[in-house]
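For reference, the structure is listed below as structure tokens.
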Amino acid sequence: MDRIRIVGGNQLNGVIPISGAKNAALPLMIASLLTDDTLTLENVPHLADVEQLIRILGNHGVDISVNGRRERQGESYARTIHFTCRNIVDTTAPYELVSKMRASFWVIGPLLAREGKARVSLPGGCAIGTRPVDLFIEGLTALSANIEIDGGYVNATAPEGGLIGARYTFPKVSVGATHVLMMAATLANGTTVLGNAAREPEVVDLANCLNAMGAKITGQGTPTITIEGVRSLSGARHRVLPDRIETGTYAMAVAMTGGDVILEDTNMALLDTALEAIRRAGAEITETNSGIRVVRNGAGIKPVDIVTDPFPGFPTDLQAQFMGLMTKANGTSHITETIFENRFMHVQELARLGAKISLSGQTAKIEGVSRLKGAPVMATDLRASVSLVIAGLAAEGETMVSRVYHLDRGFERLEEKLTRCGAHVERVSD
Ligand code: UD1
């Protein structure tokens, strides 16, 4: 199994190209199930989760061809992928495939909308809380689907003639359930109004792509999304938006090590709240023609308190990385996690590097230390694993991160991007 070896102490200086967003690419790929025409997606990141979803979609009958890599500095960072689902050949998404990644459960929306039935295994994914599927079930039921849970599978059927548009208000904001309800409603009879919908940029990206395919969606990016059902959708060409979590992660890495880096092909509007927190921690952040410049020279890291929230709040997917940064602040900070109940597994690993963190319920208290010291650590989930990389970059000596398959799920060419900016990071294969 691969490990990542980091020798800390170097500043980061240079340019980091930001990839297409994993969390947008996954629902966009799933949207290809809604049409018998070709959906072409540009700027798709090369990640384990994308490859896994390619296998799942192939199982349902989607033909997939990859071309048009975007070359930069002699490396390919993005792909154009064509998805064509002439016929859905199988409406079952089996446990063996779905258990590896929670987002694969989302095929339930398009399968139900286009074929009138779906049998989808209950999901797996990162172990960061119980992550139930009650909102999906409640929402699809509001669209008149009949749903039964049996033997670890969700069996869903639409009424004769298809799903029926309805008004549904989510009792809690859910990104995945918003994606699924929006996709399902595009082909329903009549109009659907979703209340308390997720406002994340990835939801907006999916709505824009669905509209390019002929859907009639308005209100994306606000809490109320209206979807007027249409008879069928066509193909389209769509560019996946930049990865705001990758952007924030590298911005925090620069704030941690010091240096001067341009994050290319991304934009500040995607992550205002997180950038504001990084600024308050002592980095200068400015917009450039090609992206975002992050600089920290001389000044120390200041303690900053944050609370995670649905968009436009501080993203839970950057919480672990921000904690990594705060371990070296000149003072005490507090981080409160409100989205997932078990998202502090990085705390004990950061402690192995010398961080001083105590937990009280959903709040972590971080007492900044002047030095971290390299140690062997273990990645526990996707975002937690990269917080260990951030801490390792500023730790004295060698940090060896094991279980890096978590990193490979969400960070494209991490070690190359960091090495080009002067970090000492390498992949070690056993
Ligand atoms: C997505 C992101 C993930 C991010 C999360 C929150 C993708 C592929 N993943 O995950 O990186 O951390 O949004 O921004 O885009 N919930 C329920 N019942 C449900 C569904 C969700 O109680 O039926 C709860 C969850 O347990 C969690 C909260 O709602 O506590 C938010 O989860 P949700 O927004 O659905 O996360 P995902 O879509 O799985």
Taking amide hydrogens as modeled 1.01 Å from N in the peptide plane, which residues meet the under 5 Å criterion relative to Leu372, leaving out close sequence neighbours? Glu396
Would you kindly derive the ³J(HN,Hα) couplings of the stretch 351-368 from the backbone phi angles with the Karplus curve 6.51 cos²θ - 1.76 cosθ + 1.60 (θ = phi - 60°), listing them in order in whole Hz, with x for Gly and Pro? 4, 5, 8, x, 5, 10, 10, 10, 10, 9, x, 9, 10, 9, 9, 10, 9, x
Compare Asp243, Asp63 by solvent-accessible area with a 1.4 Å probe and give them largest first, with all protein chains kept in place. Asp63, Asp243
Set Lys and Arg Cβ to +1 and Asp and Glu Cβ to -1, take the dipole of the chain about its Cα centre, and tell me which of Asn342, Val230, Thr192 lies farthest positive. Asn342
Along each principal axis of its Cα atoms, how long is the stretch 123-270 end to end? Whole angstroms, biggest number first, please. 61, 36, 25
Can you tell me the dipole magnitude for the stretch 296-357 around its Cα centre, using point charges on the Cβ only (Lys, Arg +1; Asp, Glu -1), in Debye to the nearest 20? 380
For the stretch 17-26, Karplus couplings with θ = phi - 60° (6.51, -1.76, 1.60), whole Hz, Gly/Pro x: x, 8, 7, x, 6, 4, 6, 9, 4, 5
Restricting attention to the alpha-carbon atoms of the chain, what are Rg (one decimal) and Dmax (integer), both in Å? 21.5, 67
For the stretch 256-407, size of Cβ-based charge dipole, Lys and Arg +1, Asp and Glu -1, in debye: 560
Evaluate the relative contact order of the stretch 271-318 (contact order divided by residue number), counting alpha-carbon pairs under 8 angstrom at least 6 apart; express in whole percent. 37
What distance in nm lies between label points placed 7 Å from Cα along the C-beta direction at Asn267 and Thr191? 2.9
Quote the charge dipole size of the chain about the Cα centre in Debye, to the nearest 20; the model charges only the Cβ of Lys and Arg (+1) and of Asp and Glu (-1). 520
What does the charge add up to near Cys85, with Lys and Arg as +1, Asp and Glu as -1, over the other residues with Cβ less than 10 Å from its Cβ? -1
What's the center-to-center distance, using Cα atoms, between the stretch 227-253 and the stretch 288-303 in Å? 26
For a quick check: with amide H placed at 1.01 Å from N, whose amide H comes under 5 Å from Phe311's, ignoring anything fewer than 5 positions away on the same chain? Arg199, Glu200
For Thr169, list long-range residues whose amide hydrogen, built 1.01 Å from N in the peptide plane, is under 5 Å from its own amide hydrogen. Gly195
State the answer as a single residue: which of Leu39, Thr257, Thr419 lies farthest towards the positive end of the charge dipole of the chain, with beta carbon charges of +1 for Lys and Arg and -1 for Asp and Glu, about the Cα centre. Thr257
Averaged per residue, what accessible surface does the stretch 359-424 expose to a 1.4 Å probe, in Å²? 35
FRET E, pair Asp309, Asp260, Förster distance 35 Å, beta-carbon r, rounded to 0.05: 0.70
Could you give each residue of the stretch 222-232 its phi-based ³J(HN,Hα) in whole Hz, using Karplus coefficients 6.51, -1.76, 1.60 with θ = phi - 60°, and x for Gly or Pro? 10, x, 10, 10, 10, 10, 8, x, 10, 6, 8
Scoring the stretch 150-267 by relative contact order with C-alpha pairs under 8 Å, at least six apart, yields a percentage of 22
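The values are calculated or read from the model by the stated rules, or taken from the named source; none is laboratory data. Predicted model only: the values in this text are computed from it and were never measured. For neighbour counting, all protein chains shown are included, and Cβ atoms are generated from backbone atoms with ideal geometry for every residue, glycine included. The protein model used for the area step is the full one, side chains on, heavy atoms only, and it has no ligands, DNA or RNA in it. Shrake-Rupley method; radii C 1.70, N 1.55, O 1.52, S 1.80 Å.
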